[in-house]
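These notes are about the structure you will find just below.
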Amino acid sequence: MLRPPALRLTLLTGLLAGATPALAAGSPAGTAITNQATASYDAVTPGGDTRSDSNVVTTTVQAVCAVSVTPGGTVAAPGQSTDILPGERAVFRYTVTNAGNTAATLPLAARSETASAFAPGLALYADLNRNGGLDSGEPAIGGVDLAADASADVLLVADAGQGDRGDAFVNLVASCGGSQSSANVSRVRVGAPPVLNVTKTFTPALVRPGTETTVNVSAGNSGQSGSREVVLTDPLSDQLAQGLSFVPGSASADRGTLEYTTDGTTWSAQETQPVRGVRVRVPSLAPAETLTLKFRMLAAPGAEGRAIPNTATVQSRDLSASSTATADVRYLPGVALGPLDRPLAPEGTAEDTQTRAFAVVGQQVCFDHTVQNTGDVADNFRVVVTYPQGAAQATLLGPDGAALVQPLALVPGQTSAVRVCYTPAQTGPLEALLTVRGERGTGNTTRDLVSAIETGLPELRKSVTATSADGTALAAGATVAVGDRLSYTLTVRNPYARPLTGVVVSDPLPAHVDALGVSGGGTLSGAAGTQVAEWRLGTLAPGESRTLKVEAVVSSRAVDGEALTNVFNLVTTELPTPLPSNAVATPVWSAQLLIAKTVSARTVTYGDRLTYTLRIRNASATTAVVDAVVTDTPARGLLYLPGTATLDGQPLADPVATDGQLSWTVASIPAGGEVVITYAIRVTPEAGSELDNVVQVVGTGAGGAARAIASNNAKATVRLDPLKFAPVSDVLGVVYVDRNRNGRYDAGLDTPIERARVVLAGGRLALTDAAGRYHFANVGFGTQALRLDPSTVPYPPLAVPGDGGLSGTRTVQVRGLTGVDFPLAPLGGEAGALRRTTLQIGDVQIDKVVTAVPGGYAVALTLRTPRALPDFRLEDPLPGGAALKEGRNTLSTTLGAGETKLTYRFDWTGEARAATTDPVVSWRY
């Protein structure tokens, strides 16, 4: 069967030779496009398929301008949307594409659509780095140049003002020739702004130095929109400078990231000391949301007394808020004063007042109080007393009964007892106001009242009578011995017009007396040696008297020389300070002083030297004898030799000679011991045939109560044998220039003459030594004549009594050791005495003589007084510019009765008339 031929038509499209296919991007303008159709079919006849081609058709592409912007969008369906806050910026990223087939410059414009609630500020920028954000260096543009099918990223920037609210619709409009892409709407939504606030507190706000306070900082958003990143910062540099320091590891936040700074600029999550600031960061705070930061600060002691402010700040972009809190660094000192154990009694109330009904002028009345430090810091307190009514002398005592040491240093809560004892000075009511004040400015008061002050004291009298062991009554003041009895009588009387209550009489007996009994219902307490008799008499009516007795015996414990002294005491409710009676003292002494005296020879002749030995023994076994006075009465013709006395083998001061008696004082003769005194005397031609030497000792018992007089007068007898050999003696003296012409040699003032020749009748010669002294030994007793050889001295002799009218010749009666001096007159060129003056003050006389000597002047002062002058002071001033060379011109001592000499020498080259001054003296009466 024949089938009809099948026809297939194929359209062949091609490009001109050399053309580049660009079908995906569109064909560039000017491109030639060729087209040819070919038909093929199956032949019915044998031989296969048949093909037929059409003619070739050529088409040239024309230039086309088109622009595409993505993303697109409309007001109803914005392509992009963002929420910002007033004053913030929105950035939208667009891609602009040249959709034509040839390069073109595409104008661009930004506009707000009419449906917008506000018109933001608009600008277009090239997004060169294609990151979707506006970066530095990216330029504002009004169009783009693009090749066909090329694209560029463009940023549409919309700036909202502070007052803008609601939605704004912004559009990027791109043009190309007559075509335009304008459906590219984005939405900017501006909500109500967030409102940031911050609060700050110190807990506690009152901080004691050395303690910590917690810093609480809270930031919140009270607006209707969430915030951007929030930073809550608390700088601490100023606080550190004033004594508040950050406590390491104490910072915490309820969210966010904690950071620290050491310099106020660089922040780190690492805590490094010193911390000068703390902050916390969070990405945002939603409406009604809060952010809390806490840390602690330590107050140093140096911060005391300062109110230290601290300001915390919260920031989020252009929003900020701050809050300031103040830490008051100080203590809260306090003090209370009130009656004993009640220092917190309300000030000024009856509870804070102590009252006594009665006291006596001149007698203490005491009140006890308590001071308490009620503050939180150690303080020093002082208690003072004033008198709104009456007058008294107050004595403040501490807890130990000693004088109160002020200020009182008390730590918080510590108390101290204070006793105030008043000695009233006048009658009538007494009101005392006690005030305690701390060095930190606190104070408190309490009151002491005495309703009435009387004059006079209760009458207290005590007497004692003594009876010997055999019953014999002893005279008043007589000494007693062991076993003797003592009867003490005590009398008390109330002299006031008001009763005395709670009367107690106590009599502490002497330690060496043992009580035998007490009268009137009294009691005895204590062991032997510490016994106390006591009577509790209750009330003494006005004018009432009571008489009490104690019988006692002198104990074997009594010691020679002591006084058995007894005083009784009275206390009453009104007079709590013990009032003592008069004291009665009974002396105890029974032993004696025993003296033995011996002499070195029993037979002597004229000129012999005798040595006496005294042995003085204290017979008391218990008590030393003090200030014993040893008195020796030598017979006529016995002369004491100075410098020969010894006490127990040691040198003893020369005795005091009074009316032919020699007296030594011995400081102490021990109980049961003895002392030995030796001394030497010379037998003179006045001695008789029998020489008696009598000694006695008077001493005081160490207890001070009894005198001990030696029961024996020790006596040593020596017989004189005048024919044993002829008596001879020594004659000695001094040759000197008598500068003050007083006839006596004054050392330091007068000038001794060396190698002066003295002739003794009979032809014996002697030359003076460097001290002007000469000596003739073995000179017979009787009248002797001496003469100074005038050829051996350069000065004329002074006429003196005994020279027989022959100047330089002396006639003397030699008896034992005999002294003969030869005074010489100073030459006229030596000026002699410049001045003689006498100062008379009552019965005290001071004589002053000033004499010129080579290089200066010599001064002699003679002080005469019939009595001792305590605290005597003398000052004899030198002329201006003078220099003291020897001696002394001042004296400070207790000046003894009699005559005292003082000499000195000074160098001075001034006028002679100015060389003399007046002495100044003073003493205590």
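The values are calculated or read from the model by the stated rules, or taken from the named source; none is laboratory data. All figures in this text were calculated on a predicted structure; none of them were measured in a lab. For neighbour counting, all protein chains shown are included, and Cβ atoms are generated from backbone atoms with ideal geometry for every residue, glycine included.
Observations on the model:
- Residues satisfying the stated conditions in the stretch 748-764, i.e. assigned to a strand (DSSP E or B) and either closer than 19 Å to L824 by Cα or touching a Leu at 6+ places or on another chain (Cβ under 8 Å) (or both): T751, P752, R757, V758, V759, L760
- Among the residues listed as T586, T572, T547, the single one being among the polar types (S, T, N, Q), surrounded by fewer than 19 Cβ atoms within 10 Å (Cβ to Cβ) and out of contact with any helix residue (DSSP H, G or I) (no Cβ under 6 Å at 6 or more places or on another chain): T547
Rundown of residues vs (1) at pLDDT 95 or above; (2) of a type in the set (K, R); (3) out of contact with any strand residue (DSSP E or B) (no Cβ under 7 Å at 6 or more places or on another chain), yes/no style:
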| site | (1), (2), (3) |
| --- | --- |
| G348 | no, no, yes |
| D352 | yes, no, no |
| G401 | no, no, yes |
| L410 | yes, no, no |
| S416 | yes, no, no |
| T423 | no, no, no |
| L434 | yes, no, no |
| R437 | yes, yes, no |
| T446 | yes, no, no |
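- Every residue from the stretch 859-875 that is of a type in the set (A, V, I, L, M, F, W, C) and either under 47 Å from the mean Cα position of the chain (by Cα) or more than 18 Å from T838 (Cβ to Cβ) (or both): A868, L869, F872, L874
- Residue within the stretch 597-609 that is among the hydrophobic types (A, V, I, L, M, F, W, C), over 12 Å from V683 (Cα atoms), in contact with a Phe, Trp or Tyr (Cβ under 7 Å, 6 or more places away or on another chain) and not assigned by TED's automatic domain parsing to the domain that holds G816 present: yes
- Spans of strands (runs of 3 or more DSSP E) in the stretch 62-134 with at least 1 residues assigned by TED's automatic domain parsing to the domain that holds V157 and acidic (D, E): 80-84
- Top-ranked residue in the stretch 159-174 [being over 12 Å from R89 (Cβ atoms) and of a type in the set (G, A, S); ranked as surrounded by the fewest Cβ atoms within 10 Å (Cβ to Cβ)]: G163
- Looking across the stretch 861-882, the residues that are more than 17 Å from A912 (Cβ to Cβ) and either of a type in the set (A, V, I, L, M, F, W, C) or not assigned by TED's automatic domain parsing to the domain that holds R836 (or both) come down to L861, L863, A868, L869, F872, L874.
- Put simply, of R873, R924 the only residue that is modelled with pLDDT of 90 or more and among the basic types (K, R) is R873.
- Exclusive hit being of a type outside the set (A, V, I, L, M), assigned to a strand (DSSP E or B) and modelled with pLDDT under 70, set G18, G30, G26, G14: G14
- Filter pass, P854 being farther than 14 Å from N740 by Cα, under 47 Å from the mean Cα position of the chain (by Cα) and either surrounded by fewer than 15 Cβ atoms within 10 Å (Cβ to Cβ) or of a type in the set (S, T, N, Q) (or both): no
- Residues that are outside any strand (DSSP E or B) and buried (at least 17 other Cβ atoms within 10 Å of the Cβ) within the stretch 481-494 comprise D484, N494, listed in sequence order.
- Selection within the stretch 601-638 - within 21 Å of Q661 (Cβ to Cβ) and small (G, A, S): A628, A635, G637
- Qualifying residue in the stretch 367-374 (condition: surrounded by fewer than 16 Cβ atoms within 10 Å (Cβ to Cβ) and within 25 Å of the chain's Cα centre (by Cα)): no
- The residues of the stretch 894-925 that are assigned to a strand (DSSP E or B), loosely packed, with under 14 Cβ neighbours inside 10 Å and on the phi < 0 side of the Ramachandran plot, listed by number, are T894, E899, V920, S922.
- Inspection of the stretch 459-480 identifies at least one residue that is in the same structural domain as G538 (by TED's automatic domain parsing), buried (at least 16 other Cβ atoms within 10 Å of the Cβ), touching a residue at least 24 places away in the same chain (Cβ under 8 Å) and in a loop (DSSP other than H, G, I, E, B).
- The residue of the stretch 275-308 that is surrounded by the most Cβ atoms within 10 Å (Cβ to Cβ), among those that are small (G, A, S) and either assigned to a loop (DSSP other than H, G, I, E, B) or touching a Ser or Thr at 6+ places or on another chain (Cβ under 7 Å) (or both), is A299.
- Exactly one residue out of T577, T539 is over 23 Å from V480 (Cα atoms), of a type in the set (S, T, N, Q) and in a loop (DSSP other than H, G, I, E, B): that is T577.
- Qualifying residue in the stretch 773-784 (condition: of a type outside the set (D, E, K, R), modelled with pLDDT of 75 or more, under 60 Å from the mean Cα position of the chain (by Cα) and in a loop (DSSP other than H, G, I, E, B)): no
- When the criteria are applied in full, V553 fails the requirement of being of a type outside the set (D, E), touching a strand residue (DSSP E or B) at 6+ places or on another chain (Cβ under 8 Å) and in a loop (DSSP other than H, G, I, E, B).
- One residue from D803, D821 being under 28 Å from T851 (Cβ atoms) and modelled with pLDDT under 80: D803
- Scope the stretch 580-593; condition more than 25 Å from R615 (Cα to Cα) and in a loop (DSSP other than H, G, I, E, B); matching residues: S581, N582, A583
- Scanning the stretch 420-452 for residues that are of a type in the set (G, A, S) and over 35 Å from the mean Cα position of the chain (by Cα) returns A425, G428, S451, A452.
- Selection within the stretch 375-402: residues that are over 20 Å from A425 (Cβ atoms) and among the small types (G, A, S). The member of this set that is farthest from the chain's Cα centre (by Cα) is G401.
- Filtering the stretch 237-248 to residues that are part of a loop (DSSP other than H, G, I, E, B) and modelled with pLDDT under 95 leaves only G243.
- Some residue of the stretch 249-270 being exposed (fewer than 15 other Cβ atoms within 10 Å of the Cβ), under 30 Å from T114 (Cβ atoms) and not charged (D, E, K, R): no
- Selected residue (criterion: modelled with the lowest pLDDT) from residues of the stretch 670-685 that are within 13 Å of V599 (Cα to Cα) and not hydrophobic (A, V, I, L, M, F, W, C): R682
- Of V231, V215, all but one fail to be closer than 24 Å to G264 by Cα, at pLDDT 95 or above, assigned to a strand (DSSP E or B) and in contact with a Leu (Cβ under 9 Å, 6 or more places away or on another chain); the exception is V215.
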